[in-house]
Amino acid sequence: MIDTPVSLSPRTDERTTRRMAIIDMGSNSWRLIVVEYVPGLWFKVVDEVRETVRISEGMADVDVLRPAAMDRGARAAQIYAAFCRALGISDIVCAGTSAIRDARNQRRFIERIERETGLAVRVLSGEEEAYYGYLAAVNSTTLDFGFVVDLGGGSLQITRVEDRRAVEAISFPLGAVRLTEGFLHSDPASAKEMRALADQLEEKFYALKWFKY
């Protein structure tokens with residue numbers, strides 16, 4: 001009996017170049033990238049669109065997305081959806097981060113985006129956001145041991161890395177926009193405002209025993 005040989009070459013559909021769009025709905029800026037790839041072989045970014053949406057504007061005290069901010073978000077989402085349609089891209093991942101995650105009216109905003117653009121928004125947890133930041137860092141640097149600190153508009157993610165593996169991670173609501181609105185009310189910031197901000201950061205970081213800075 002002669003066994004039928006098994007081909008080790010990839011199937012035709014696996015060698016076919018594909019495209020997908022990823023939309024990062026950050027607290028300050030939103031970014032769309034188009035990735036061209038062959039599964040298991042290679043990928044490259046072939047297009048990028050960035051919009052300053054400031055979806056977190058005015059959220060510092062109330063954790064509610066403001067009407068003007070939601071309008072800006074909806075317009076950006078409409079632009080991104082039209083862009084993807086023009087390129088014939090149907091594989092689209094939309095990721096909402098800190099501001100959308102923390103908003104008490106999150107569902108209302110997500111439903112508006114889906115209704116007006118057809119885009120389905122997935123809201124990342126703080127742990128997921130930290131993990132994706134870690135993946136980006138270790139795959140674009142030679143980091144073996146140390147920390148990945150990812151500062152966004154609404155949150156700050158810290159991940160401890162040992163032997164290129166994530167061993168500890170946390171997400172704090174300490175993003176640049178959130179802290180500016182919450183502590184820095186004058187321009188330039190006063191010494192009192194800077195001290196209050198420093199005290200807040202020290203309090204958070206001191207409790208994080210595995211983060212040595």
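The values are calculated or read from the model by the stated rules, or taken from the named source; none is laboratory data. Computed from a predicted model, the values in this text were never measured in an experiment. Don't worry about glycine lacking a Cβ; one is built from the backbone with ideal geometry, like all the others, and counts go over all protein chains shown. To get the accessible areas, we keep the full protein, side chains included, count just its heavy atoms, and leave off ligands, DNA and RNA. Shrake-Rupley method; radii C 1.70, N 1.55, O 1.52, S 1.80 Å.
With a ≥ b ≥ c taken as the square roots of the eigenvalues of the C-alpha gyration tensor of the chain, please select rounded if a/c is under 1.5 and otherwise prolate if a/b is larger than b/c or oblate if it is not? The shape class here is oblate. Toward the positive end of the charge dipole of the stretch 68-184, with +1 on the Cβ of Lys and Arg and -1 on the Cβ of Asp and Glu, the farthest Cα among Leu174, Val121, Ala137 is that of Val121. Only protein heavy atoms count here; on that basis, with a 1.4 Å probe, Thr17 has an accessible area of about 70 Å². Sorting Phe183, Phe147 by accessible area puts them as Phe147, Phe183; the probe is 1.4 Å, largest comes first, and only protein heavy atoms count.
Here's how it looks for Val93: its modeled amide H is under 5 Å from those of Ala21, Ile22, Ile23, which are all 5 or more places away or on a different chain. Computed about its Cα centre, the charge dipole of the chain is approximately 340 debye, with only Lys, Arg, Asp and Glu carrying charge at their Cβ.
For Val167, the accessible surface of its heavy atoms amounts to roughly 70 Å² (probe 1.4 Å, protein chains only, rounded to the nearest 10). When a 1.4 Å probe is rolled over the protein heavy atoms, the share of accessible surface on the chain that falls to carbon and sulfur comes to 53 percent.
For the chain, the membrane-span-like helices by this rule, meaning whole DSSP H stretches whose C-alpha atoms cover at least 24 Å of axis and whose Kyte-Doolittle mean is 0.0 or above, are 67-87; this says nothing about an actual membrane.
Calculated [222 nm] ellipticity per residue, helices only, for the chain: -11500 deg cm²/dmol; basis is -39500 (n - 2.57) per DSSP H run with n ≥ 4, divided by all residues, nearest 500. Surface calculation, 1.4 Å probe, protein heavy atoms: Cys84 sits at approximately 0 Å² accessible. Among the trypsin sites (Lys or Arg not before Pro) in the stretch 128-213, those located in a DSSP loop and surrounded by at most 11 other Cβ atoms within 10 Å of their own Cβ are Lys209, Lys212. Looking at the chain, the accessible area is 60 square angstrom per residue; that uses a 1.4 Å probe and ignores ligands, DNA and RNA.
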